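Participant: Dumping the structure here so I can ask a few things about it.
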Amino acid sequence: MIPSATKTDLKNLTLPDLELFLRGKGKERFRATQIFKWIYQQDARTFEEMTNISKSLRAELAEIAFISQLEPEAVEVGSDGTRKYLFNLVDGNGVEAVLIPIEGRNTLCISSQAGCAMGCEFCLTGTFKLTRNLTTAEIVNQIMAVKRDLAGNPPTLPADGGEGRGDFDDSDDSDDGHQQSPADIRNIVLMGMGEPLHNLDNVIPAIKIMIDGNGLQFSNRRVTVSTCGLVPEMERLGRELPTVNLAVSLNATTDELRDRIMPVNRRYPIRELLAACKGFPLPGRRKVTFEYVMLGGVNDTLEDAKRLLRLISDIPNKVNLIPFNEHEGCGFKAPTRAAVDAFHKYLIDRHVTVITRDSRGGDISAACGQLKGRLKGG
Ligand code: SAH
Ligand code: SF4
């Protein structure tokens, strides 16, 4: 028996990778599709369950491969129905994912790294530095674990139905022809812990598994990758996965401020970042989402709104305003409601699509920038 450290975790493999892996063992190609479906559509955890595969092949596979799982160590449910999951990784690190139900449509925000190397001043994850990249399996397993939880404990709809549509709902593509149940995950956003573009080697295969028709079957228009602005990696993402949605955390409208609050800007200043956004291959009528964390008294004036509009106006855009979520040990303050409303109105009046994110999950520290997981070493 090979010890599991040398066995292959099949959840690290895309379907073409699995075909190659099996071909290397002399197996037919169609076996890969069968096994892939067992893993992602039946949530199989062992080869024993794969009843359309011969006993001898199942035994052979168990010798060389395994199917990893993530179990949530804790699930917290906020007063607005937001659920925060803490996942225990094999090495003792922990990462978080957050499920945000809006009008019975669930957006799942997943992590791509334990910690983050980008060091943005306002972000709690960033203060923990990078502990390590998540594997492809750990990224897709967050989704699978939440699906399992939802199947067992579907959220109940709040009586008032919540406010507005989800940030990542495409209004021109209502339901893809199938009924949504409260136990379905509609949108996946890589906006949890970590900088996904700093871990593309594992993030790209994970997204391929998410959007594979034999895999997790998400529509590519429902998967969004958020970046602080790693320009060469944005180009790679556009080349390798031209159909996913791009969100860019802009957060400042001058290099002077952005250099200070987002160190990545010293490497890729605003002009280069916007050129990369412009060059991103957006299918159809899709837009780049610009995230803008509003820091009280720092970047929340109408002058900022005016500069923001000027910067993004030649890129198909929508804007997510995120009032800063305060956390301990960080000097920034939340903006006033009046500042948020005035900023929002300035953009709306000029026909920009704007969503101001209400601070969902705040009572369980699940809001943007409040995820800390549990990090060892690093
Ligand atoms: N690393 C990626 C994705 C994870 S961060 C990125 O930076 O885009 C997800 C979003 O949370 C980013 O837009 C970031 O600017 C925002 N954010 C970080 N800390 C925050 C805080 N304390 N309050 C509100 N938003 C925050
Ligand atoms: Fe990393 Fe994003 Fe936080 Fe910046 S905002 S430190 S890139 S997780």
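Participant: Within the range 66-104, restricting attention to residues that are touching a helix residue (DSSP H, G or I) at 6+ places or on another chain (Cβ under 9 Å), among the polar types (S, T, N, Q) and over 19 Å from R360 (Cα atoms), which residue is surrounded by the most Cβ atoms within 10 Å (Cβ to Cβ)?
Facilitator: S68
Participant: Which members of the range 102-137 meet the condition of being away from ligand 1 (no atom under 16 Å from the Cβ) and of a type in the set (D, E, K, R)?
Facilitator: Just the residues of the range 102-137 that are away from ligand 1 (no atom under 16 Å from the Cβ), to begin with: 102-106, 135-137.
Scanning the range 102-137 gives E103, R105.
Participant: Using the structure shown, decide if T107 is of a type outside the set (F, W, Y), in the same structural domain as V264 (by TED's automatic domain parsing) and more than 16 Å from ligand 2 (Cβ to nearest atom). It would help to see each step written out before you state the result.
Facilitator: Values: of a type outside the set (F, W, Y): yes; in the same structural domain as V264 (by TED's automatic domain parsing): yes; more than 16 Å from ligand 2 (Cβ to nearest atom): yes.
Against the criterion (of a type outside the set (F, W, Y), in the same structural domain as V264 (by TED's automatic domain parsing) and more than 16 Å from ligand 2 (Cβ to nearest atom)), T107 qualifies.
Participant: Do you know which residues across the range 231-254 are within 16 Å of ligand 2 (Cβ to nearest atom) and not aliphatic (A, V, I, L, M)? Spell out the reasoning first.
Facilitator: Keep residues of the range 231-254 that are within 16 Å of ligand 2 (Cβ to nearest atom), which gives 231-234, 237, 246-252.
Passing the criteria: P232, E233, S249, N251.
Participant: For G377, state whether it is more than 16 Å from ligand 2 (Cβ to nearest atom), under 29 Å from Q113 (Cβ atoms), at pLDDT below 95 and not charged (D, E, K, R). Full working, then the answer.
Facilitator: On the way: more than 16 Å from ligand 2 (Cβ to nearest atom): yes; under 29 Å from Q113 (Cβ atoms): yes; at pLDDT below 95: yes; not charged (D, E, K, R): yes.
Yes.
Participant: Select from the range 254-288 the residues that are more than 24 Å from T127 (Cβ to Cβ), in contact (Cβ under 8 Å) with a residue 12 or more places away in the chain and part of a loop (DSSP other than H, G, I, E, B) and list them in ascending order.
Facilitator: Listed by number, the residues that qualify are F280, P281, L282, P283, R285, R286, K287.
Participant: Any residue in the range 212-220 that is among the acidic types (D, E), under 26 Å from K147 (Cα atoms) and within 15 Å of the chain's Cα centre (by Cα)? Give the steps one after another, and end with the answer.
Facilitator: Of the range 212-220, the ones among the acidic types (D, E) are 212.
Next, only the ones that are under 26 Å from K147 (Cα atoms) stay: 212.
Filter once more, keeping what is within 15 Å of the chain's Cα centre (by Cα): none.
No: zero hits.
Participant: Right, next: Taking the condition assigned by TED's automatic domain parsing to the domain that holds V293, among the β-branched types (V, I, T) and either part of a strand (DSSP E or B) or surrounded by fewer than 18 Cβ atoms within 10 Å (Cβ to Cβ) (or both), does V319 pass? Full working, then the answer.
Facilitator: Working: assigned by TED's automatic domain parsing to the domain that holds V293: yes; among the β-branched types (V, I, T): yes; either part of a strand (DSSP E or B) or surrounded by fewer than 18 Cβ atoms within 10 Å (Cβ to Cβ) (or both): yes.
Considered against the rule, which asks whether it is assigned by TED's automatic domain parsing to the domain that holds V293, among the β-branched types (V, I, T) and either part of a strand (DSSP E or B) or surrounded by fewer than 18 Cβ atoms within 10 Å (Cβ to Cβ) (or both), V319 comes out as yes.
Participant: Quick one: is L295 surrounded by fewer than 16 Cβ atoms within 10 Å (Cβ to Cβ) and either within 19 Å of the chain's Cα centre (by Cα) or among the hydrophobic types (A, V, I, L, M, F, W, C) (or both)?
Facilitator: no
Participant: Next question. What are the residues in the range 1-35 that are hydroxyl-bearing (S, T, Y) and under 24 Å from the mean Cα position of the chain (by Cα), if any?
Facilitator: Start the filter on the range 1-35 by keeping residues that are hydroxyl-bearing (S, T, Y), which leaves 4, 6, 8, 14, 33.
Of everything in the range 1-35, just one residue is hydroxyl-bearing (S, T, Y) and under 24 Å from the mean Cα position of the chain (by Cα), namely T14.
Participant: Hand me the list of strands (runs of 3 or more DSSP E) wholly inside the range 36-137 holding 2 or more residues that are among the small types (G, A, S) and under 22 Å from the mean Cα position of the chain (by Cα).
Facilitator: Values: elements: 72-77, 83-88, 94-102, 105-109, 113-115, 130-133.
Answer list for the range 36-137: 94-102, 113-115.
The values are calculated or read from the model by the stated rules, or taken from the named source; none is laboratory data. Just so it is clear, the structure is predicted and the values come from calculations on it, not from any experiment. Positions of Cβ are backbone-derived with ideal geometry, glycine not excepted, and every protein chain shown enters the neighbour counts.
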